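The values are calculated or read from the model by the stated rules, or taken from the named source; none is laboratory data. Keep in mind it's a predicted model, so treat the numbers as computed, not measured. Methodologically, a virtual Cβ is constructed for each residue, glycine included, from the backbone with ideal geometry; neighbour enumeration extends over all protein chains shown. Surface accessibility is based on the protein's heavy atoms, side chains included, excluding ligands, DNA and RNA. Shrake-Rupley method; radii C 1.70, N 1.55, O 1.52, S 1.80 Å.
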Amino acid sequence: MRNAVIAATGLYTPPNTLTNAELVATFNAYVERFNAAHAEAIAAGEVEALTPSSEAFIEKASGIKARYVMDKSGLIDPEIMRPVIPERPNDQISILAEIAVEAARSALAAWGKPASQIDAVICAASNMQRAYPAMAIEVQEALGIEGFAFDMNVACSSATFGIKTAADYIASGSARAVLMVNPEITSGHLNFCDRDSHFIFGDVATAVIIEAADDAAPGQGWDVVGTRLKTVFSNNIRNNFGFLNRAAPEGAAARDKLFVQEGRKVFREVVPMVSEMIIEHAGDLGLDPTGLKRLWLHQANINMNELIGKRVLGRDPAPGENVIILDEYANTSSAGSIIAFHKANDGFAAGETGLICSFGAGYSAGTVFVKKR
């Protein structure tokens, strides 16, 4: 049984920043047009008037101030209100695989070894561009990696499920090094006409290289101390888009074919579930959760993260202990905890511990306790 090490991480950030002010201006222009177009029906009580959004509402509800997106032009046009990303011919790499490759190259550069030493590629993300061929195989081809590759989707928990899977492959001897990528163009499944969610998501790609401990450079990376996964069925976060929509065309444009959630229910149910899971897993590993040096949580909502951090540490986290990047990146689904880990894992002495944790639709949750080598 080989122990696994998180040897390197990588990040691709899209070139376009979309601020709350820009998002609100577009949304409110849409609201004004909708209410004007349906004025008689609204007055007759047949149609409900839409309510404008505001920067203050967004920041209070989520902590988000801006996000990065692959396309901005369609998102600031009240006539479009969706990303404009043309389809590519089959002889070109898909856009999700392309940004995954960029993040992977960043991780490979930090790793300091050639891609030829990777044995497997896992593309773990919340939205797959197509059913097949797998994006992971595209990434494998683009980087010249042999072995095997596959896609997996556990929504916002995909990255921790991917790390767990990679660590298991290493433990069993199926692979000595695994590349796990998380390309997320979540703007593509977001309803920008919905006041309660139009601000939530951003686009990004992350990558993690997990390798056998006896192959890792001395002092480089993080020992994977323990991993744990959990799923509990819930309808409170859904996206019903899929290939069978064409079999029921009357509902193909319905609201549930994009991201939908019952935010208050999610908060009430997920916060205790994740907090208890972290504390129990730490105890089973012989770790004191209050002694964790840093938390790299899924970046869904500032209020959820702060409450989970407080419950796990038994106090209000000190600045920098509970890493927050969602103010700049927004919710990037599976990539959020990896961005946090990638950007804020400095200052650790050998033997100090931290936690990478995800949670989201399913419900799903994953914990990865790591120790600095």
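With the structure loaded, tell me whether Ile95 is in contact with a Gly (Cβ under 6 Å, 6 or more places away or on another chain) and either farther than 24 Å from Arg238 by Cβ or at pLDDT below 95 (or both) or whether it fails that test. In short, no. The residues of region 344-359 that are in a strand (DSSP E or B) and open to solvent by 10 Å² or more (accessible area, probe 1.4 Å) amount to a single one, Thr353. Here is the figure for region 304-343: residues that are open to solvent by 30 Å² or more (accessible area, probe 1.4 Å) and either free of Cβ contacts under 8 Å to residues at least 12 places away in the same chain or out of contact with any Lys or Arg (no Cβ under 9 Å at 6 or more places or on another chain) (or both) total 12. Scanning region 165-201 for residues that are more than 23 Å from Ala104 (Cα to Cα) and in contact with a Phe, Trp or Tyr (Cβ under 9 Å, 6 or more places away or on another chain) yields His189, Leu190, Asn191, Phe192, Cys193, Asp194, Arg195, Ser197, His198, Phe199, Ile200.
Close Cβ contacts (under 7 Å, 6 or more residues apart or on different chains) running from residues in region 345-364 that are without any contact (Cβ under 8 Å) to a residue 24 or more places away in the chain to residues that are assigned to a strand (DSSP E or B) and not hydroxyl-bearing (Ser, Thr, Tyr) comprise Ala349/Lys372; Gly351/Lys371; Gly351/Lys372.
List the pairs whose first member sits in region 245-259 and is touching a residue at least 40 places away in the same chain (Cβ under 8 Å) and assigned to a loop (DSSP other than H, G, I, E, B), whose second member is of a type in the set (Ser, Thr, Tyr) and open to solvent by less than 50 Å² (accessible area, probe 1.4 Å), and whose Cβ atoms are under 9 Å apart, counting only residues at least 6 apart or on separate chains? Close Cβ pairs satisfying both conditions: Leu258/Ser197; Phe259/Thr186; Phe259/Ser197.
In this structure, is Val232 open to solvent by 30 Å² or more (accessible area, probe 1.4 Å), over 28 Å from Arg105 (Cα atoms) and hydrophobic (A, V, I, L, M, F, W, C)? When the stated conditions are applied, Val232 passes them.
Being open to solvent by 60 Å² or more (accessible area, probe 1.4 Å) and over 27 Å from Met70 (Cβ atoms) is the requirement here; does Arg268 meet it? Against the criterion (open to solvent by 60 Å² or more (accessible area, probe 1.4 Å) and over 27 Å from Met70 (Cβ atoms)), Arg268 qualifies. In summary, helices (runs of 4 or more DSSP H) completely within region 35-153 and bearing 1 or more residues that are surrounded by 18 or more Cβ atoms within 10 Å (Cβ to Cβ) and in contact with a Cys (Cβ under 6 Å, 6 or more places away or on another chain) occur at 135-143. Going by the structure shown, is Ala205 closer than 19 Å to Ile338 by Cβ, in contact (Cβ under 8 Å) with a residue 24 or more places away in the chain and under 22 Å from the mean Cα position of the chain (by Cα)? So Ala205 passes the test.
Criterion applied to Arg255, Arg246 was being among the basic types (Lys, Arg), at pLDDT below 95, open to solvent by 50 Å² or more (accessible area, probe 1.4 Å) and within 25 Å of the chain's Cα centre (by Cα), and the one residue passing it is Arg255.
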